[in-house]
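Report on one structure; see the data block that follows.
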Amino acid sequence: MDPVERLYLDALMEDPEVPARSLRPQLLAGARARRRPAAPTAAWAEPYAGRVAAMDALLASAVDDDWSRIIVEGWTLQELVAHLAAKDGLLAASVGAPVLGPPIGAADSTSRTHDVQAYERARSPEQTRRDWRAQADALCRHLADLPPTTPATLDGLDAPVNDHILARCLETWIHTSDAAETARIRLPDPIAEHIHPTADLCARLLPFTMLFGGVDGAGRTLHLTLTGEGGGEWRVALGVEDAGPGEPDAHITADVKKFCFLLGGRGDPADFPADLEGDLALARDVLATAPALSTP
Amino acid sequence: MPVEAPYDDRLLHQRVVGGDESALGEVYDRLSSLIFGLALRVTRDRVIAEDITQEVFLVFWERPLAFDPERGTLRAWLATIAHRRAVDHVRAEERRRVSALGPRLFEREPVRLEDTVLAADEAQRVRRAVTSLPDGLREAVELAYFGGRTYRQVGEELGVPEGTAKSRIRLALRRLADALAEEEV
């Protein structure tokens, strides 16, 4: 900020005054009416609830033109929100939470996305936003009472519900970032406590991304260092059937957020910024196959 | 020169964007007396100043992405909104009073405030107010704000203890605040 501006504001704020009564309770009540806070949920689902609230904050500032602007995959912002609602709905259905939108027919995410987008195109963007948010919040509330290991299925993939919800968190985060980029809005990162479990899921997915990427990582071990808030260290057995990690064959050091986004299909593995050590060919294979599970 | 917000600001911002209500409460606890003081100084009405304070924090909650921590502190951003609203209020009051008095002898141009709090003439006003400070206070403020010095460095350059430098800057700010508030209404 300009020094004159700072001086001006500092001068005006000298001699702090206190309101006669605390406005805090009134403020928080008013805040709830203006913008819904993150839905209350189980601690392990909070990263997802937080990303839903962040996406909704972005959508709150969207005006007419913004809704029809293409964001990714040839989808408008409204269609992108419908896509998020479609996949959230499939997970909701799998754990018995409310599903909004058209009745579920084909249960793969591509068909469901197609159905929900067709349904939402006939409605206003605000209706699409409202139902996406209502379904996400209902899912959060439903998860509050479920054990994290409850089995769930999405797109034919069986996994505990806490892993599925972290995947939904990552996807919501990435698409919010896509939309923010189009709107030229700087999106702050999630807090470290929300990034860390998401990064942990990404690290645990590596054996599967290797497999789906057509590279056999069986018997090999990766030492992964993710830097930045929410980062950490992981030792990952790269074969899906490996009993556990052994001595590391290769070491990758990268930024935690960039690494999560790489698995989400953002960024080119070929020029991904990372420090590689040990078996470089293996490390490059890990990066090259990292986006293998990413879907729209 | 843009000043990046401190870490705490960035964290509170991240939490508010993520829909964490308790972060809004923390922002309120930390900054409400400053914002209220600013609104009160301009409006001189405690009830109006309370309304403005409330509104300023609600704007941050409702549209948190409008704040960009890479372009300044949260304190300055909230203060800018508070100041703009307070000035708008005072001007609306003035217009109302004038029209209640019947035919106007002179008409003021309707004022459109710039997006930034300080239009060029306001910056001029601040510079004039700084110039009219007594030498000891003026030097301290100039070193701190225009020279980007810390309290300690200001003390060293003026040959006084750090605490003295600090109290001179505070005294200067108080005088400036009075001068600027006098002109405001």
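The values are calculated or read from the model by the stated rules, or taken from the named source; none is laboratory data. Worth saying up front: this structure is predicted, and the values here are computed from it rather than measured. Because the Cβ atoms are built from the backbone with ideal geometry, glycine has one as well, and the counts that use them run over all protein chains shown. Ligands, DNA and RNA are excluded from the accessible area calculation, which covers all protein heavy atoms including side chains. Shrake-Rupley method; radii C 1.70, N 1.55, O 1.52, S 1.80 Å.
Give the percent of DSSP beta bridges with both residues in the range A:194-290 that are antiparallel, rounded to the nearest 5.
Working: 11 of 17 bridges.
So the antiparallel bridges amount to about 65 percent of the total.
Between A:189, A:178, A:64, where does the largest GNM mean-square fluctuation fall for chain A, given springs only between Cα atoms within less than 10 Å?
Fluctuation is largest for A:64.
In whole angstrom, how long is each semi-axis of the equivalent ellipsoid of the range B:1-108, when you take the square root of 5 times every eigenvalue of its Cα gyration tensor and sort them from largest down?
Equivalent ellipsoid semi-axes, largest first: 32, 14, 11 Å.
Tell me, what % of the accessible area of chain A is carbon and sulfur with a 1.4 angstrom probe?
With neighbouring chains kept in place, the figure for chain A is 52 percent.
In whole percent, what relative contact order does the range B:1-108 give with Cα contacts below 8 Å and a gap of six or more residues? Don't skip to the answer; put the middle values down first.
Working: 87 pairs, mean separation 38.3, N = 108.
35 percent.
Summarise the accessible area of the range B:116-184 (1.4 Å probe, protein heavy atoms) by the percent that is carbon and sulfur.
Solvent-exposed carbon and sulfur of the range B:116-184 make up 46 percent of the total.
Grab the DSSP H runs of the protein assembly as shown that are 4 residues or longer, score each as -39,500 (n - 2.57), total them, divide by all residues and round the 222 nm result to the nearest 500 deg cm²/dmol. If you can, show how the numbers build up before the last one.
Details: 19 runs with 280 residues, N = 481.
So the calculated ellipticity at 222 nm is -19000 deg cm²/dmol.
Based on the Cα gyration tensor of the range A:194-290, what are the three equivalent ellipsoid semi-axes, each the root of five times an eigenvalue, rounded to whole Å and given largest first?
After diagonalising the Cα gyration tensor, the semi-axes are 18, 14, 13 Å.
Normalising by the residue count of the range B:116-184, find the relative contact order in percent from Cα pairs under 8 Å and 6+ residues apart.
The value is 32 percent.
Give me the compactness ratio for the range A:82-199, meaning the Cα radius of gyration over 2.2 N^0.38 Å.
1.07
Which value, in square angstrom to the nearest 100, describes the accessible area buried between chains B and A on both sides, using a 1.4 angstrom probe?
5500 Å²
Counting only DSSP beta bridges with both residues in the protein assembly as shown, what percent are antiparallel, rounded to the nearest 5?
Counting DSSP beta bridges with both partners in the protein assembly as shown, the antiparallel share is about 75 percent.
Just to confirm a number: summing +1 for Lys and Arg and -1 for Asp and Glu over residues other than residue A:287 whose beta-carbon lies under 12 angstrom from that of residue A:287, what do you get?
-2
How large is log10 I(q)/I(0) at q = 0.08, 0.10, 0.14 Å⁻¹ when the Debye formula is applied to the Cα atoms of chain A, each weighted equally and without solvent?
With one equal scatterer per Cα and no solvent, log10 I(q)/I(0) is -0.41, -0.62, -1.07.
Enumerate by residue number the trypsin sites (Lys or Arg not before Pro) in the range A:1-86 meeting two conditions: DSSP loop (anything except H, G, I, E, B), and at most 10 other Cβ atoms within 10 Å of the site's Cβ. Please report the intermediate quantities before stating the final value.
Working: sites: A:6, A:21, A:32, A:34, A:35, A:51, A:69; in loops: A:21, A:35, A:69.
Passing sites in the range A:1-86 are A:21.
Can you tell me which of A:176, A:149, A:198 moves the most in a GNM of chain A? Springs connect C-alpha atoms under 10 Å apart.
A:149
For the protein assembly as shown, what does the accessible surface come to per residue with a 1.4 Å probe? Please give it in Å².
On the way: 22400 Å² over 481 residues.
For the protein assembly as shown, the solvent-accessible area averages 47 Å² per residue.
In the Gaussian network model of chain A, springs joining C-alpha atoms below 10 Å, which of A:107, A:122, A:237 carries the largest mean-square fluctuation?
A:122
Would you kindly compute the Cα radius of gyration of the range A:50-119 and its largest Cα-Cα separation (Dmax), both in Å?
Reported Rg and Dmax, both Å: 12.7, 36.
How many Cβ atoms of partner chains, on average, are near each residue of A:182-192 if near means within 10 Å of its Cβ?
4
Taking 2.2 N^0.38 Å as the expected size of a compact globular protein, what ratio does the Cα radius of gyration of the range B:116-184 give against it, to two decimals?
Cα Rg divided by the expected 2.2 N^0.38 Å: 1.13.
Between Rg and the Kirkwood Rh of the range A:108-153, both from Cα atoms, what is the Rg to Rh ratio?
1.09
How high is the relative contact order of chain A, in percent, counting Cα pairs under 8 Å that sit 6 or more residues apart?
About 15 percent, as a whole number.
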